[in-house]
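The values are calculated or read from the model by the stated rules, or taken from the named source; none is laboratory data. As the structure is a prediction and not an experimental result, all values here were calculated from the model. Note that we place each Cβ from the backbone using ideal geometry, even for glycine, and neighbour counts take in every protein chain shown.
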Amino acid sequence: MIQPPSLLDRWTQENNDLVSKCKQDALNRDHNLFGQRRCSSDFHKLLRKIQGIPPHLDHAQLELSVVYNTCVFFTARSQFEEAELLLTQGAQRVLQITGVDPGSSDPSVLWRAALKSVATTALHCHVLSLLCLQWGIWLTKSCLNSIKEFREEMSSLLERQGGAAWDDCRSESKEKIPNIPSLVLDPRRLVELLKICTAIVQGAERLNEGWSTLSALQAASALPAPRGLIAYTHLLSGSCLTHMNRPQMALLCYRKALETDSRCVCALYQSMLIYRQLENSHAEIQALRLLHSTLLLPSTTEPAVAPSHPLSPSLFLCSQSLSRLISVPSALSVLHSLALKCVIHGRISEGVEYYLDLLAAIHSEDQHQAHATVSTLPKLPKLYLEAGAALLTARRPADCMALCDEVISTTLDLVPEKVLLEDPEDGCVARSRGVKEEAESGLEWLLWAAAAYLLQGHCYSQLKDWQQAVTFYTRCVNLLVKVHYKNRGFPPQVPSPDKEQGIDLCVLQRLKGLSLAGRGISFAQIDRLREALRDLQLSLQALPEGVSAGQWCGEVLWRLNRKQEAAACWENTWSHSNTSLAEGLPVYTQELQSGPMLDSTELHRKLQELGSI
Amino acid sequence: MEKLSSEDSHRKAHSLSHGGKMVLFTCKRDPAVDGSERSGLTFRSFYFEREGNAFLKATGGAASISRKLSVHVDIVTCKCAVDVQKRVKTPSILVTKKSEKGASFQYSLFTLSSSHQLEPRIEFKLPYQMKGKVCILQGPTVLWSHHNSVLYTSPLAEGVRKIPIQTPRWVFGELPIHKGQLFALGLSEPLSINQPPTIGYFLEDGQVFDGSLILPHPYICITQCMQVLTADRVDDVLRCAVIAATSKQQLVLFENGMVKDTCELPFEQAEDIQTVDTGRNGCLFVVFFKPGHVCAVWKETLQIASCWSDVSSVHVDDFLGCGTEQMLLLFRNQGLSREPLEKFLITDLCGISYSCGQGSEAPKTSPPQENSLLTLQALESRLQSGLIVLQELEREVRVKDRVLQQSIQVLTEMLSGRETVLSQPEQEGLVALWDGDEEFNDETLDDKMHETPVLSSKPKIDKLWHRITEDQLVVGLILTAESSIPVSGVSLSLLTEPGQSSMPEVIQTQSQVFWLPARSPSTPTLSSSSPAAKRSKQHIASNDLKACRLAVTAATKLAPLLTSGCVKCHAMLHYMEKSETSFPGSSPTTAALHCGEVSVDIRDLRQNPLLQTPHIKTDEVREDLLSLLTVLDHWVLHIDSPDYSLGDIDDWIQRRQGFKKIEVSPEYLLLFSPGPSAPMLLRWNQINPFQGNLSIHSSQLQMLQFLDSMLTYLPDSCFVQPVKCTRSQSTAQEFASALEKEVLSLREGLSSLLCGKDEEERNKGGTGQGEVPKPGSTEELIRCTREVWQQNVERSRARLSPLVDAGKYREIIQSISKVKMDADLAAVRQTQMTLIS
């Protein structure tokens, strides 16, 4: 009778066949997910066969190799629990072979005992590579403490044996058994990946620790690693420097990150944030523009993974503080901030173009319904109104009116007959949530419609069609008076804009002030001075810092020959004239300087005249 | 205690299935008052009635065992086994009688005949009680183990027999071969080397065989129960399929001694495996576990089909009489009801299901599991492939959208007269927010520094030295730092002593130029990234200008020098000199400078201090280094890894065995092991984290060995390109010789072609001339001269546009084009060199 091949040879052969098959699969990129699934189940099946017999020294090398291969695929498919179970079992079986009782089921005790028990044998590097996988799983679970506990041991082991550790174990095993169980991933590559990923995650967790973190990150940037991860180390160095209040050095780091990997758009985004913080609006707009065009490139969305590597770095980079840092808003919201920044910083024509691009992009996306990223953007009517305000400032009233028509046609039907506003302090408790939300959305629609009317009024006054202007300003005012306050006799003069409703109230006040001012100015243009005076004074009541209302109020008073009052009014206006736009409020609630202007030198001259009399 | 257990065994009726019926055996031991009542064995058989969903009694009977009341009778086990004599499967039952004193145990094996009679077949006495597993196999043969040995008996065996092998662990079984073969498997003694690790023993003929053909060695100890599914002898080789349940909670399928498949079992302590043939739907393995669990596993896929608990026994037979087999699960009676077949389930998991007494549990008719599994798998794979197609489509759509959007954007921008900011492909790698011009300025500054214009005329010589390294004489010259001459034209040559011959002769040498300390190639992209680095770089550059010295070496073979008796040589330095009134475009003139003489002494061969003590910083060590650099073959490899950074290569090299830093020139690493192998010098020069240059000075074999080990360290996706290799012949020399060869072969080929033609002609002409015109007739003479003249005319015409032999021509052209190709290759190599370096 013929001697059958030994189980060991047969299983080793099976393992090696599987490894070469998996490597072949990995080259065929499209079916990667599918292939990984099959590989992991095949390896697991083989492992079950091998672990179906009592642990034995002769089989240990093969068994540990198969445990390693199986766990690599389990990890690749994010089956961390299963992988960890197998790893623990592997360590336990090693201890059974060596006859050591760890005395505790604590994983760190277990691993230490396992490493110690095989310290001088060929199994050492196998156990070490299993521990590396365990390290990876700890990393995915952000168990940085466990990693820290082992880090010194690991690094000393890896250092001492150096790169030669794995070579050694290979050559040793070569002598013993003719066919060596092959591995699906070189443990050295795994260690390299884990080292840099650990450094990145730790860096992200300790951004506020200053120099120590920074030097750790600098050291990590010299590690052998995929390009994208090296870029992350520079990115984190930058963030660390930002925390240390060194924005210029941070900018250099971000630049280095981009130089290392052009796909690292988050570095661009972070530098934009720094420019914003430094109030360097020119650079900020530049950065936003670059960011937007980079985000439109096809290569930015796909992650960079080496094709033959089953483990993607993103498996290990799941810490929250890190993902906060590397997340970048969608191309559309970048475009929106770009447009808004341009408008705010007076680059009107650019801003208008960006707004039009943005609306076109949203429109085309609506048709394709490809993305759900629009949610980070402001709501559509608000965008329309912002774009309208920009168009108006760019003296394109016809386009602005078209946009406003669009807003009015969509919102007007939804505006309720009456909006009852609670005192924000006690209102939340009193009413059920649903009703409150309904009221809020009602208020929102109302404010949009009113703002649209206001902008249209501005348009007509720009066209010097004063009659029409009066009509639209009146519509705006009529809408605004539908809002009633409960519990309070009088609305708050300057509501704090820190709450959501606070902003709404503030917008309401400003709209009221601006629409009345607009109507007053229009009346003044057609010489209906009494109505003009009434509206302008009401406007100043609602919005005391309104510049044009103040100026025109004085002008009307002057024309009515109430010169002293006019002078007082002007003085008052100039005393708190800050023309900068308030950041927190929508653009369309700002004074746009689009209507008829009064020459302030003329006014000063008049004042002097009055004074000289 | 004993009473209780006997009571227990009494209640737990032993049962088996036979011919579609259930047979129940009980030991009747009526404690009636009447002393004449005998202890006996009774049996009852039941058949299943579908309409009533119940088992009905078919027959019954009894056999007496002992007349004595005091005798304790117990059923050991019962099983259906093939009766070899009658060649039918018969129910067999083993009973034990324990004598009053407990000194001996009497065993009897009964079989149930077709006429429903219990017949005693074997009776034997043992001095001990059977413990552990007792098997009834074909024969009927009773098999048990006692004290590491296996004993068996059968009607043919005449008494109890013992297998002549002792091992602590035994597995029994039977091979389903036409003539059944009973076997026992055991572990061989650990010391016996010649024997296979697993011993098999055939009971019939006492033959010993390699048991690992049935069960591999590691499984013997952990097998709890097994069944041989198929067995066959092909050319005296046993081929078999075996299913076994192990103590590792696995069901393992073996084929020819190899593990084919495994299945994790949910329970421990497997006791028995049976096979259910459900007909078209395939086979099931039914595993019974001691605590009362049952697990059914599909044979094809080795997937668990179903599990039950609280089962007292499992039987496989065609209870319904439908042609396929079902399993019958008898559940434990919770109540004290005496009726044994009250709670049961008959099923084949493929549509047949009858149950009774299972509480609220409705009779379930489960669809074939396997089919649904297959459907599920098919659906899943379709879903997967659909998903992939969908993802591809989505990606395409996205790309299209983006292209469309970009084009629209460009269009609108064109219409609105704005400048297009979009996506030149170069912009994809966009990096800098502001690009300073400083870099450019820097580089020009650098360039200027490299080629510092010559102001002083003569280079000043610091030191002239010589070494005998390997089999070569190296003469070196170190110039002072002040002497700034362009590196490009510097070389050193050696002349023989003029006293030997009338004229000094030039010795063939190879000259090289080095910077001291060694300069690294400028790396503007890396160092310009931060202002700090920029400052430091300028600092280095200015250092360069002051402290960098130039070393020129010349190497020549030692042997010819010594044979020619030359012991003294003169060293001449050649360099480019730019005249001070030079205008752009004027070619620099070469100048030569006599630098002194060296005397060569063969006894001068001392140990190289560098190799012994690389950590010492002396001029001697530096000279050693320079001579090694001159003598050793030199390769420069460009290593580029676009996706994966290289890490600390320097550190890696230093961690390798035997590499030491050279203190005089710390960028070089030295590997020297005392022995025949030559020393090796390495220099790693990192350009950026992803690129670097590696210079290797060593023998070719060493270089290849080092590269091989380095490739295992380098990332997979990296490219290694040779940039420069100065072995004994430089590319320039190769190119020159190739050109020379081309010219020569062209000349030779042409001349041979034409000469051959000429010779032919001459021969022809010779014969023509040999034809002496006959004197006599002038007309003849005139005719002759005309012919000769005509011939001459034709010959001269042919010489002007010669006709050559086509075959020869083709041959020559072929050889010339070959030579030309070689020259072209050499030219390409040369241009690459000059471009890169």
Q) So which residues in the range B:281-291 are more than 39 Å from the chain's Cα centre (by Cα) and surrounded by 16 or more Cβ atoms within 10 Å (Cβ to Cβ)? A) B:Asn281, B:Val286, B:Val287, B:Phe288, B:Phe289
Q: Go through the residues of the range B:120-127 one by one and say whether even a single one is in a loop (DSSP other than H, G, I, E, B), modelled with pLDDT of 85 or more and exposed (fewer than 15 other Cβ atoms within 10 Å of the Cβ).
A: yes
Q. Which of (1) within 14 Å of chain B (Cβ to nearest Cβ); (2) buried (at least 21 other Cβ atoms within 10 Å of the Cβ) does A:His56 not meet, given it meets every other one?
A. (2)
Q) Name the residues in the range B:630-663 that are more than 9 Å from every other protein chain (Cβ to nearest Cβ), surrounded by fewer than 18 Cβ atoms within 10 Å (Cβ to Cβ) and assigned to a loop (DSSP other than H, G, I, E, B), would you? A) B:Asp633, B:Gly658, B:Glu663
Q. For the range B:228-247, how many residues meet the condition of being within 13 Å of chain A (Cβ to nearest Cβ), surrounded by fewer than 21 Cβ atoms within 10 Å (Cβ to Cβ) and either modelled with pLDDT of 90 or more or on the phi > 0 side of the Ramachandran plot (or both)?
A. 3
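Before we move on, is B:Thr767 closer than 30 Å to B:Val636 by Cα and either at pLDDT below 80 or exposed (fewer than 13 other Cβ atoms within 10 Å of the Cβ) (or both)? First the steps, then the outcome.
Numbers: closer than 30 Å to B:Val636 by Cα: no; either at pLDDT below 80 or exposed (fewer than 13 other Cβ atoms within 10 Å of the Cβ) (or both): yes.
So B:Thr767 fails the test.
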Q) Of the residues B:Val311, B:Val252, B:Val276, which single one is free of Cβ contacts under 8 Å to residues at least 40 places away in the same chain and more than 14 Å from every other protein chain (Cβ to nearest Cβ)? A) B:Val311
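Does A:Val72 satisfy the condition of being in contact (Cβ under 8 Å) with a residue 12 or more places away in the chain, on the phi < 0 side of the Ramachandran plot and away from chain B (no Cβ under 13 Å)?
So A:Val72 fits the description; yes.
Identify, from the list A:Leu268, A:Leu288, the residue that is facing chain B (nearest Cβ under 10 Å), buried (at least 19 other Cβ atoms within 10 Å of the Cβ) and within 19 Å of the chain's Cα centre (by Cα).
Numbers: A:Leu288 fails: facing chain B (nearest Cβ under 10 Å).
So the residue among A:Leu268, A:Leu288 that is facing chain B (nearest Cβ under 10 Å), buried (at least 19 other Cβ atoms within 10 Å of the Cβ) and within 19 Å of the chain's Cα centre (by Cα) is A:Leu268.
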(Q) Please verify whether A:Ala360 is within 13 Å of another protein chain (Cβ to nearest Cβ) and either crowded, with 21+ Cβ neighbours inside 10 Å or without any contact (Cβ under 8 Å) to a residue 40 or more places away in the chain (or both), treating the condition exactly as stated. (A) yes
Q. Restricting attention to the range B:678-719, which residues are assigned to a loop (DSSP other than H, G, I, E, B) and more than 10 Å from chain A (Cβ to nearest Cβ)?
A. B:Ala678, B:Pro679, B:Ser698, B:Ser699, B:Cys718
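Kindly establish whether B:Ala826 is among the hydrophobic types (A, V, I, L, M, F, W, C), modelled with pLDDT of 80 or more and assigned by TED's automatic domain parsing to the domain that holds B:Phe735.
Values: among the hydrophobic types (A, V, I, L, M, F, W, C): yes; modelled with pLDDT of 80 or more: yes; assigned by TED's automatic domain parsing to the domain that holds B:Phe735: yes.
Yes; evaluated as a whole, the condition is true for this residue.
What do you reckon, is B:Trp144 within 41 Å of the chain's Cα centre (by Cα) and closer than 27 Å to B:Asn256 by Cα?
On the way: within 41 Å of the chain's Cα centre (by Cα): no; closer than 27 Å to B:Asn256 by Cα: yes.
No, not satisfied.
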Q: Within the range A:220-230, count every residue that is within 10 Å of chain B (Cβ to nearest Cβ) and either assigned to a helix (DSSP H, G or I) or in contact (Cβ under 8 Å) with a residue 40 or more places away in the chain (or both).
A: 5
Q.
Taking the criterion of being modelled with pLDDT under 85, more than 44 Å from the chain's Cα centre (by Cα) and away from chain B (no Cβ under 11 Å), would at least one residue in the range A:181-199 satisfy it?
A. no
Q | B:Glu204, sole failed condition from (1) at positive phi; (2) away from chain A (no Cβ under 14 Å); (3) charged (D, E, K, R) | A | (1)
Q: Of the conditions (1) within 30 Å of B:Asp651 (Cα to Cα); (2) more than 10 Å from chain B (Cβ to nearest Cβ), A:Cys253 clears all except one; give me its number.
A: (2)
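Residues are listed down the side, and each one gets a yes or a no for (1) at pLDDT below 90; (2) in a loop (DSSP other than H, G, I, E, B); (3) under 17 Å from A:Gln248 (Cα atoms):
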position	(1), (2), (3)
A:Ile285	no, no, no
A:Leu288	no, no, no
A:Ser293	yes, no, no
A:Glu302	yes, yes, no
A:Val305	yes, yes, no
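To keep it simple, each residue is scored yes or no on (1) within 14 Å of chain B (Cβ to nearest Cβ); (2) part of a helix (DSSP H, G or I); (3) modelled with pLDDT of 85 or more.
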residue: A:Met1; (1), (2), (3): yes, no, no
residue: A:Arg10; (1), (2), (3): yes, yes, yes
residue: A:Glu14; (1), (2), (3): yes, yes, yes
residue: A:Ala26; (1), (2), (3): yes, yes, no
residue: A:Asp30; (1), (2), (3): yes, yes, no
residue: A:Asp42; (1), (2), (3): yes, yes, yes
residue: A:Leu47; (1), (2), (3): yes, yes, yes
residue: A:Ala83; (1), (2), (3): no, yes, yes
